[in-house]
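Chemist: Below: one structure in structure tokens.
Each value in this text was obtained by applying a stated rule to the coordinates, not by laboratory testing. The structure displayed is predicted, hence computed values, not measured ones. Neighbour counts are summed over all protein chains in view; Cβ atoms, including those assigned to glycine, are modelled from backbone coordinates with ideal geometry.
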Amino acid sequence: MENRSSMAKWEGKVTTTLTKASANEIWPLFIDFFNFHKWFPNLSTCYGVHGLNGDVGATRYCAGFALPNNDGSIEQVSWSKERLVAVDTNQMSMSYEMVDCNVGFKSYLSTIKIVPTGAKGCVVEWSFEVDPVEGLTYEFLVQKYQNGLDQATKKMEDALVQKQDL
């Protein structure tokens, strides 16, 4: 098996299955590109700095998430500027790139896709491609993405279920 740290790029995909929220209900929450802090754990702020929310070219600033330093400590608030580079509303897919950050990501591209699984369910796929990140392992990064996706989609699903119960 190839050592992930020697790969030119780290590529990964995490998924989660929702059973109480449809793809049509979840998609608008993801394409609300400037407000992802409402759902993503430890993301204290997210707002638009360029363009129209949900349109290709829109750029957001996100802060508050944390990746540990090499020694495991967390020294500073992490931030990134991310630009939406593709949106396919019919396929419920969006891709964005990180254009600046303080977390060591270089050449970062991420795609989120919502796949319907019936009238009241969907699978959310989050894939990424990034140059290896100094001080992190590929496995750690994949687990961080899985945890973030699981927590964000649970929060989304819970909010939608609660709204339906009103």
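Chemist: Given a cut-off of under 8 Å on Cα pairs at least six residues apart, what relative contact order in percent is computed for the stretch 10-165?
Modeler: So the answer I get is 29 percent.
Chemist: Follow-up question, since we're still on this one. May I ask you to evaluate 6.51 cos²θ - 1.76 cosθ + 1.60, the Karplus curve with θ = phi - 60°, for each residue of the stretch 107-120 and list the ³J(HN,Hα) values in order in whole Hz, giving x for glycine and proline?
Modeler: Each residue of the stretch 107-120 in turn: 6, 8, 9, 9, 10, 10, 9, 10, 10, x, 10, x, 5, 9 Hz.
Chemist: Once the principal axes of the Cα atoms of the stretch 10-165 are found, what is the range along each, listed largest first in whole angstroms?
Modeler: 45, 31, 26
Chemist: Which of the pairs LYS120/LYS155; LYS38/LYS163; LYS9/LYS154 have their Cα atoms more than 25 Å apart in this structure? Can you show the working numbers first?
Modeler: On the way: LYS120/LYS155 16 Å; LYS38/LYS163 15 Å; LYS9/LYS154 29 Å.
Pairs exceeding 25 Å: LYS9/LYS154.
Chemist: Return the calculated 222 nm mean residue ellipticity for the chain, to the nearest 500 deg cm²/dmol, obtained by summing -39500 (n - 2.57) across DSSP H runs with n ≥ 4 and dividing by the residue count. If you can, show how the numbers build up before the last one.
Modeler: Details: 2 runs with 37 residues, N = 166.
One gets -7500 deg cm²/dmol as the mean residue ellipticity at 222 nm.
Chemist: Helix 138-165 versus the longest principal axis of the chain: what angle, 0 to 90°, nearest 10, using Cα atoms?
Modeler: 20
Chemist: With a 10 Å radius around each residue's Cβ, average the other Cβ atoms per peptide and rank 45-58, 115-128, highest first. Kindly include the intermediate steps, with their values, before the conclusion.
Modeler: Numbers: 45-58: 14.5, 115-128: 16.2.
Highest to lowest by the protection proxy: 115-128, 45-58.
Chemist: Could I ask something else about it? Using the Cα centre as the reference, give the magnitude of the dipole from point charges on the C-beta atoms of the stretch 10-165 (Lys, Arg: +1; Asp, Glu: -1; all else neutral), rounded to the nearest 20 debye. The partial results should precede the final answer.
Modeler: Working: 13 positive and 19 negative charges, 89 e Å.
Taking the Cα centre of the stretch 10-165 as origin, the dipole is about 420 debye.
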